[in-house]
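Notes follow once the structure below has been shown.
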Amino acid sequence: MSFNFSNKVIVITGGAGGIGSHLAREFSGRGAQLVLLDLNKTRLEKVAAELTGSNHHFIALDLTNREEIAAAIKEIENKYGRVDVLIPNAAITTTDRFDERSLESIEYELDINLRSPLVVIRSCIDLLKKSSDPRIVTTVSLGGIFPLGETPMYTVSKFGLRGAMLSMSLDFMAKGIKVGSVMPSATDTPMLHREAVEGGNSLQFMDPPQKTEDVVKAFLKILDKPKFEVYPKPSESWLVRIAMLFPSALPKLMPLFVGKGERGHKRYLKELEQRGIARQVNGVWEIIE
């Protein structure tokens, strides 16, 4: 049966971002009540104004601050009394190489991508138990399966989050909470635009980045038919999973992947230029703000 969104309370972290905002618009159009959490209040207000229906709510907060998370959960409890679907979606990445970046930036990326979703999930358990059909669906990544050499902290955080969600899927099954993850590859969002301009991981561009609509469809699929993991691009998922059967062969395989990725990266930058998102100034690419 299709998931019934009517009056469901759905909480999305990173709700003002590329994937989060698209999920919010889709779910509100199906009758859900959205609670959007994000650091950027201005973008939250803009997304909230675009939602269908009423009784939506947004909270600007720092997901690395445990007290702010606790206050947000209390605010949700006071307004709705429960959470039906929790979507820990917020994530960041950077093109800074591991041996050059600051310790503070390493800790911050881990906080956003790994620690904060776990803290949010744990903080919402009591409200989830008040739902008649509680769900937790995280946005993980194919970077949680395949190592991305240029962005090791993103890989660390997504490997960890994927493992945590698989463990919770097993643990919570008997407790009545359905847990799963959506595993997107590179998605055409502002985060990827900036990463492409800053010289991000070439492996992400082996194939044209998927659209946010593809990721939304994967969320609809996992809500309609709960699974541990759903892949928006199954063909890519099989490729990386097969490659990881032989991790010692990666040094020989990587040149093949990298060459294809670098060509795709150049095509994507040209596409962003044509769309008016990026431009090249004196041989250097930059985002058009």
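Taken together, the values in this text are just the output of simple stated rules run on the coordinates, not laboratory data. This one's a predicted model, so the numbers in the text were calculated from it and none came from an experiment. As a convention, Cβ positions derive from the backbone with ideal geometry for all residues, glycine included, and neighbour counts pool all protein chains shown.
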- Query: Which of these, 220, 272, 239, has the largest mean-square fluctuation under a Gaussian network model of the chain (Cα springs below 10 Å)?
  - Reply: 239
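Pull out a ≥ b ≥ c, the square roots of the eigenvalues of the alpha-carbon gyration tensor of the chain, then state rounded if a/c is under 1.5, prolate if not and a/b is larger than b/c, and oblate in the remaining case. Spell out each step's value before the answer.
Values: a/c = 1.71, a/b = 1.44, b/c = 1.19.
Prolate.
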- When the charge dipole of the chain is computed with +1 on Lys and Arg Cβ and -1 on Asp and Glu Cβ about the Cα centre, the Cα farthest towards its positive end, among 40, 108, 232, belongs to 232
- Go through 219, 283, 249 and say which Cα lies farthest out towards the positive end of the charge dipole of the chain; charges sit on Cβ, +1 for Lys and Arg, -1 for Asp and Glu. 219
- Query: Does region 95-232 come out rounded, prolate or oblate by the C-alpha gyration tensor, with a ≥ b ≥ c the root eigenvalues, rounded set by a/c under 1.5 and, if not, prolate when a/b is larger than b/c and oblate if not?
  - Reply: oblate
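In the chain, which whole DSSP H runs stretch at least 24 Å along their own axis (Cα) and average -0.5 or higher on the Kyte-Doolittle scale? Present the calculation step by step, with values, prior to reporting the outcome.
Numbers: long enough: 152-172 (29 Å, 0.48); 250-274 (35 Å, -0.78).
Answer set is 152-172.
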- Item | DSSP beta bridges in the chain [antiparallel fraction, %, rounded to 5] | 15 percent
- Query: Say we join alpha carbon atoms closer than 10 Å with springs in a Gaussian network model of the chain; which of 171, 111, 38 then has the biggest fluctuation?
  - Reply: 171
- Query: Excluding same-chain residues fewer than 8 positions from residue 266, which lysines have a Cα within less than 28 Å of its Cα?
  - Reply: 158, 211, 217, 233, 252
- So for the pair residue 248, residue 40, with labels modelled 7 Å out along Cα→Cβ, what separation do we get in nm? 4.6 nm
- Message: I'd like to know which of 163, 89, 134 lies farthest towards the positive end of the charge dipole of region 41-174, counting +1 on Cβ of Lys and Arg and -1 on Cβ of Asp and Glu.
- Response: 134
- Message: Let me make sure I get this right: for region 204-289, a, b and c are the square roots of the gyration tensor eigenvalues over alpha carbons, sorted descending. Under 1.5 in a/c it's rounded, otherwise prolate if a/b > b/c, else oblate. Which is it?
- Response: oblate
- Quick one: putting +1 on the C-beta of Lys and Arg, -1 on the C-beta of Asp and Glu, what dipole do you get for region 203-289 around its Cα centre, in Debye to the nearest 20? 280 debye
- Item | Cβ charges +1 (Lys, Arg) and -1 (Asp, Glu), total dipole of the chain, debye | 1000 debye
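Tell me, what is the percent relative contact order of region 194-288, built from C-alpha pairs under 8 Å that lie six or more residues apart? Let's see the in-between values first.
Values: 70 pairs, mean separation 41.3, N = 95.
Computed value for region 194-288: 44 percent relative contact order.
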- Task: Grab the DSSP H runs of the chain that are 4 residues or longer, score each as -39,500 (n - 2.57), total them, divide by all residues and round the 222 nm result to the nearest 500 deg cm²/dmol.
- Result: -15000 deg cm²/dmol
- Taking the Cα centre of region 156-211 as origin, sum charge times position over the Cβ atoms of Lys and Arg (+1) and Asp and Glu (-1), and report the length of that vector in debye to the nearest 20. 280 debye
